[in-house]
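One structure below.
The values are calculated or read from the model by the stated rules, or taken from the named source; none is laboratory data. Every value quoted in this text rests on a predicted model; they were computed, and no experiment measured them. Note that each Cβ is placed from the backbone with ideal geometry, even for glycine, and that neighbours are counted across all protein chains shown. For the accessible areas, the whole protein counts, side chains as well, though only heavy atoms, and no ligand, DNA or RNA atoms are used. Shrake-Rupley method; radii C 1.70, N 1.55, O 1.52, S 1.80 Å.
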Amino acid sequence: MSKYRILVIDDVRTIRLSLKMLFQKIDAEVMELDNAEELFQSTWRYNNMDLIILDIELPGMSGMTALVKIKEDKRWSDVPLIMLTSHASKVVIQQAIHTGIVDYIRKPFVGEELLNRVKKILTVK
């Protein structure tokens, strides 16, 4: 059994695969979604997450809308959440911080730096 469960919600397949390979280094089970709607349609699949990584720009439901819904849902309200995106204004980042993200990482990211930040978050949790 894996040490951690991480949910990655990003519409770019290569990003999801890169994160999956990166998080294997810390013995994490990575679940992937290419949109946020599926999280709320199949909630039972995504219980007991240790971390959620969420893109802001997603097809359908935006990452900001998903962030608000995640933080309002008792199943995930205490799960640390990282926003990972290539485009975000200062206003959006401030809104995300106010809503409860623990970190914001801009794409393209450096794998080892992201991994170190994730390890810190998981250790504190």
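Taken one residue at a time, the phi angles of region 68-78 give Karplus couplings (6.51, -1.76, 1.60, θ = phi - 60°) of 4, 5, 4, 5, 7, 8, 4, 5, 10, 4, 9 Hz. Gly and Pro are set to x.
Across the accessible surface of region 1-73, with the other protein chains kept in place and a 1.4 Å probe, carbon and sulfur atoms take up 48 percent.
The distance between label points at Glu112 and Lys25 comes to 0.7 nm (points 7 Å beyond Cα on the Cα→Cβ vector). In order along region 22-36, the phi-based Karplus estimate (6.51 cos²θ - 1.76 cosθ + 1.60, θ = phi - 60°) of 3J(HN,Hα) comes to 4, 7, 5, 5, 10, 6, 9, 7, 10, 9, 10, 9, 9, 7, 8 Hz; Gly and Pro are listed as x.
With 21 Å as the limit, the listed pairs Lys25/Lys120; Lys25/Lys74; Lys3/Lys119; Lys25/Lys119 have Lys25/Lys74 beyond it between alpha carbons. Heavy-atom accessible area for Lys69, with the other protein chains in place and a 1.4 Å probe, reaches approximately 80 Å². The HN-Hα couplings worked out from phi for region 56-64 by the Karplus form 6.51 cos²θ - 1.76 cosθ + 1.60 (θ = phi - 60°) are 7, 8, 10, x, x, 5, 5, x, 5 Hz, whole numbers, x standing for Gly and Pro. Remark: spin-label model distance Ser2-Ile97 equals 3.0 nm, labels positioned 7 Å along the Cα→Cβ axis.
Give me the lysines in straight-line cross-link reach of Lys107: C-alpha distance below 17 Å, same-chain residues under 8 apart excluded. Here the lysines satisfying the reach criterion relative to Lys107 are Lys20, Lys90.
Taking the square roots of 5 times each eigenvalue of the Cα gyration tensor of region 31-78, largest first, gives ellipsoid semi-axes of 16, 12, 10 Å. Kirkwood-type hydrodynamic radius, region 1-43: 10.7 Å, calculated from all non-identical alpha-carbon pairs. In plain terms, the C-alpha convex hull of the chain casts an average shadow of 7.0 nm² when viewed from every direction. Normalising the Debye intensity of region 70-116 to I(0), with uniform scatterers on Cα atoms only, and taking log10 at q = 0.18 Å⁻¹ returns -0.61.
Here region 29-117 is treated with +1 on each Lys and Arg Cβ and -1 on each Asp and Glu Cβ, and its dipole about the Cα centre works out to around 320 debye.
Please find the FRET efficiency linking Ser62 to Ser42, where r is the Cβ-Cβ separation and R0 is fixed at 22 Å, and quote it to the nearest 0.05.
So, using R0 = 22 Å, E works out to roughly 0.70.
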